[in-house]
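Student: My questions will all concern the structure given below.
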Amino acid sequence: MPGVNLLLAVDAPRWTMLAASDERLAATLTTREETLGRPLFEVFSDANPENDRPTGESNLRTSLETVVRTRAPHRMAVQRFDIRRPDGTWEVRHWAPRNVPVLGPDGAVRYILHHVEDVSEVVRRTEAHAKLRSEYVVSEDARHELEGANELLRDQQLELEMANQQLQEQHADLEIQADELRVAAAALEERTAEAERARAEAEAVRARTDAVLASIGDAFYLLDREWRFTHVNAAAELLLKTTAAALIGRTLWDAFPDVLGSVFERPYREAMASGRPTSAEAFFAPLLTWFDVRSYPWPGGLMVHFRDVGARHAAEAERERLLVAAEAARADAEAERARTAGILEAMADAHFVLDADFRFVSVNAATERNLGHTREQLVGRSIWELFPGTVGSIFERSYRQVATAKVAVHFVGEYEEGGLTLVPEVDAYPTPDGGVAVFWRDVRAEVQAVAERERLLAAAEAANRVKSEFLAVMSHELRTPLNAIGGYADLMEMGIRGPVTEQQREDLGRIQRSQRHLLGLVNEVLNYAKLETGTVSYELADVPVRSALTEAEALVVPQARMKGLVFEAIDCPDDLVARADPEKLRQVLVNLLGNAVKFTESRDGQPGRISVSCAPDGERVRIAVRDTGIGIAMDKLGAVFEPFVQVRATLTRTAEGTGLGLAISRDLARGMGGALTVESEPGVGSTFVLVLPRA
Ligand code: ADP
């Protein structure tokens with residue numbers, strides 16, 4: 001068969017190639033050996049990788065199947081089916097295929113005749129034409145577009161020109177506006193400066209106002225139209241007893257709910273309503289005082305001044321009270337003056353009043369006697385008229401001091417003038433009107449008595465001195481013959497002058513005892529005389545008190561034993577030390593202990609007791625000697641320390657003594673910086689206390 005033909009077996013999906021025309025083989029660049037007996041699509045496929053539309057194979061299968069099914073020929077659209085060259089490269093080919101069934105006797109499709117026409121050239125030309133056409137269409141479109149664009153450009157240019165014109169116009173406008181703005185800015189600047197000046201001025205005014213407000217001594221505050229505090233000064237804070245901070249922003253009745261009705265509200269409302277200031281005084285109960293309240297309305301509200309006038313109210317009340325009191329006092333004073341005048345008149349002492357020129361204004365009866373002038377002579381005359389000599393000038397001087405310095409003056413003096421002797425004790429006082437009031441007492445008798453006493457004392461002292469000196473000399477003179485008596489008696493008793501009979505020995509004993517007694521007395525007298533004339537010297541040392549007491553006690557124990565008296569244990573700390581002359585301390589202690597033994601007896605079968613104690617007393621040492629003896633009567637307690645004093649001398653005749661022991665002891669105690677005192681009760685006992693400085 002002429003044409004490009006291929007016979008296929010109906011053995012899908014192989015579609016085995018059974019026969020091929022020569023044209024077919026040439027068109028597909030294949031040989032019969034390469035083709036026959038092999039599946040169609042093993043040889044012819046869309047295997048060219050450059051084919052971007054590999055649909056030939058699948059379209060062909062579909063067509064073949066359609067032919068088998070329909071048993072009718074099927075013409076396919078032009079297909080691209082590339083051919084592989086023997087060197088392996090590909091050749092692009094387009095085919096127009098027609099598949100025709102070959103039916104068997106039974107009507108079934110036995111073969112399919114695949115017939116194609118190579119339309120590659122046609123396709124190539126068509127494609128080239130189409131390309132040209134399309135390019136032309138594109139350039140046509142471009143031309144149209146260009147024309148449109150040109151038109152647009154023209155339009156736009158027109159618009160631009162118009163816009164430019166407008167811009168220029170606007171620019172001119174803007175220039176004008178800018179000029180205007182510059183002018184406005186300048187004006188504004190000026191106004192700003194003005195505003196600044198105004199602000200500064202306002203600030204200054206405000207500062208001035210604040211200063212003025214602060215300087216107002218009166219309390220005040222400002223309320224706005226809603227009755228809120230807007231300013232409260234320091235004085236108001238003080239009076240209301242609160243702070244500005246606590247009030248500002250609060251309303252009046254919020255701050256003072258309780259007093260509003262009574263004090264503030266009515267005058268405030270009046271002031272607010274009438275626009276005129278009001279003033280009222282009211283009692284401000286919370287602070288218990290009166291306030292003078294003045295309200296001044298102003299556009300911003302109300303300015304309120306108030307003063308605490310409590311003091312004035314109190315002062316008025318007080319003045320009232322004082323007036324009444326003064327009246328009463330005046331009446332009292334009148335009565336008092338009358339009474340005083342009576343008393344002054346009756347007074348034994350002179351009393352007179354001088355005016356500022358020292359003229360007598362008033363005198364009492366005693367003045368007449370004292371100054372030797374009658375009332376009529378005195379009143380209205382000055383002091384130097386009455387006493388033109390020295391007396392007048394002396395008094396004048398004293399009184400002038402009183403009147404000018406306003407001081408009281410006291411003096412005692414003795415004056416003589418005109419045959420009159422004045423011995424007054426004067427008390428002069430200033431009077432309110434520049435004069436002098438004088439109390440004048442005649443002390444002539446007293447002065448004389450004092451002088452007499454002093455004279456007597458001096459005489460007594462002189463006599464005492466003479467006596468002491470006499471005693472000293474006498475004692476000394478007496479001791480020499482007494483010692484001689486003793487010495488010769490001893491010689492005789494020892495038998496040196498020859499044998500002594502028993503009777504003679506007894507007599508000698510009496511002579512010796514009398515000699516010793518007499519010598520003792522003389523020694524004491526000498527001692528005392530020495531003390532009195534101040535010729536005793538003290539050698540002070542630290543003396544342990546306890547051992548001093550023990551030592552002194554030992555000396556009197558034998559006498560005490562003889563009288564059956566009991567010595568109690570010495571009650572005295574070991575470490576207590578006194579500052580004293582040891583010898584003189586011993587003398588005092590022996591005297592006190594000796595007296596205790598001498599004046600104590602056993603009574604009602606009870607032995608008399610003597611106790612000695614010592615104790616520290618601050619910077620001092622107290623030594624007490626106590627007995628249960630006869631005691632000393634109250635009125636004699638002071639006298640026992642006087643020299644030569646012996647209480648109930650007749651009763652103590654048996655006891656030896658001179659009455660000098662205690663006088664000497666007290667002088668010695670004082671000489672060592674101490675003291676000697678006594679407490680006693682007759683019939684109970686006595687306690688002598690010796691005080692000495694502590695070491
Ligand atoms: P004298 O003992 O030598 O008489 P004093 O001066 O020692 O002298 O004593 C004076 C007088 O004080 C004594 O005569 C006596 O009357 C009284 N007197 C002293 N000590 C005591 C005493 N302890 N108890 C009672 N009387 C005393």
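The values are calculated or read from the model by the stated rules, or taken from the named source; none is laboratory data. As the structure is a computational prediction, the values presented were derived from the model and not from experiment. Neighbour counts are summed over all protein chains in view; Cβ atoms, including those assigned to glycine, are modelled from backbone coordinates with ideal geometry. Surface areas here come from the heavy atoms of the whole protein model, side chains and all, with no ligands, DNA or RNA. Shrake-Rupley method; radii C 1.70, N 1.55, O 1.52, S 1.80 Å.
Student: Residue under question is residue 540, and the condition is that it be open to solvent by 50 Å² or more (accessible area, probe 1.4 Å) and in contact (Cβ under 8 Å) with a residue 60 or more places away in the chain; does it hold? Walk me through it before giving the result.
Tutor: Details: open to solvent by 50 Å² or more (accessible area, probe 1.4 Å): yes; in contact (Cβ under 8 Å) with a residue 60 or more places away in the chain: yes.
For residue 540, the condition - open to solvent by 50 Å² or more (accessible area, probe 1.4 Å) and in contact (Cβ under 8 Å) with a residue 60 or more places away in the chain - is met.
Student: Tally time: how many residues in segment 370-384 are modelled with pLDDT of 85 or more, in a helix (DSSP H, G or I) and open to solvent by 50 Å² or more (accessible area, probe 1.4 Å)?
Tutor: Looking only at that region, the number is 3.
Student: Please determine, by comparing only the residues of segment 523-546 that are of a type in the set (Asp, Glu) and touching a Ser or Thr at 6+ places or on another chain (Cβ under 7 Å), which one is modelled with the highest pLDDT. Quick ask: steps written out before the conclusion?
Tutor: So the first thing to find is which residues in segment 523-546 are of a type in the set (Asp, Glu), and the list is 524, 532, 539, 542.
After this cut, where a residue has to be touching a Ser or Thr at 6+ places or on another chain (Cβ under 7 Å) as well, the list is 524, 532.
Details: 524: 81, 532: 73.
So the residue we want is 524.
Student: Then there's this: I need every pair where a residue in segment 613-636 that is within 11 Å of residue 578 (Cα to Cα) and open to solvent by 50 Å² or more (accessible area, probe 1.4 Å) has its Cβ under 8 Å from the Cβ of a residue that is more than 9 Å from the ligand (Cβ to nearest atom) and in a loop (DSSP other than H, G, I, E, B), sequence separation at least 6 or different chains.
Tutor: 616/573; 616/576; 620/674
Student: Still on this structure, I have one more. Of everything in segment 560-596, what is within 12 Å of the ligand (Cβ to nearest atom), open to solvent by 10 Å² or more (accessible area, probe 1.4 Å) and within 21 Å of residue 540 (Cα to Cα)? Give them in sequence order.
Tutor: Of everything in segment 560-596, those that are within 12 Å of the ligand (Cβ to nearest atom), open to solvent by 10 Å² or more (accessible area, probe 1.4 Å) and within 21 Å of residue 540 (Cα to Cα) turn out to be 587, 590, 591.
Student: Just give me the residues in segment 268-304 being open to solvent by less than 20 Å² (accessible area, probe 1.4 Å) and out of contact with any Pro (no Cβ under 7 Å at 6 or more places or on another chain), in sequence order.
Tutor: Keep residues of segment 268-304 that are open to solvent by less than 20 Å² (accessible area, probe 1.4 Å), which gives 268, 271, 282, 284, 289, 291-293, 295, 301-302, 304.
Hits for segment 268-304 are 268, 282, 284, 289, 291, 292, 301, 302, 304.
Student: Please verify whether residue 599 is open to solvent by less than 80 Å² (accessible area, probe 1.4 Å), within 12 Å of the ligand (Cβ to nearest atom) and in contact with a helix residue (DSSP H, G or I) (Cβ under 6 Å, 6 or more places away or on another chain), treating the condition exactly as stated. Even if it seems obvious, please write down each step before you answer.
Tutor: Values: open to solvent by less than 80 Å² (accessible area, probe 1.4 Å): yes; within 12 Å of the ligand (Cβ to nearest atom): yes; in contact with a helix residue (DSSP H, G or I) (Cβ under 6 Å, 6 or more places away or on another chain): no.
The answer is no for residue 599.
Student: Still on this structure: Report, ordered by the first and then the second residue, all pairs with beta carbons closer than 8 Å, sequence separation of six or more or different chains, a first member in segment 394-412 that is closer than 18 Å to residue 433 by Cα, and a second member that is open to solvent by 40 Å² or more (accessible area, probe 1.4 Å) and in a helix (DSSP H, G or I).
Tutor: 396/384; 407/401; 409/401
Student: Next question. From (1) open to solvent by 80 Å² or more (accessible area, probe 1.4 Å); (2) in contact (Cβ under 8 Å) with a residue 12 or more places away in the chain; (3) of a type in the set (Asp, Glu), pick out the condition that doesn't hold for residue 524.
Tutor: (1)
Student: Please enumerate the residues belonging to segment 412-428 that are farther than 15 Å from residue 390 by Cβ and surrounded by fewer than 16 Cβ atoms within 10 Å (Cβ to Cβ).
Tutor: Across segment 412-428, the qualifying residue is only 412.
Student: Given the criteria open to solvent by less than 90 Å² (accessible area, probe 1.4 Å) and not in a strand (DSSP E or B), does residue 149 qualify? Steps first, please.
Tutor: Working: open to solvent by less than 90 Å² (accessible area, probe 1.4 Å): yes; not in a strand (DSSP E or B): yes.
Criteria met by residue 149.
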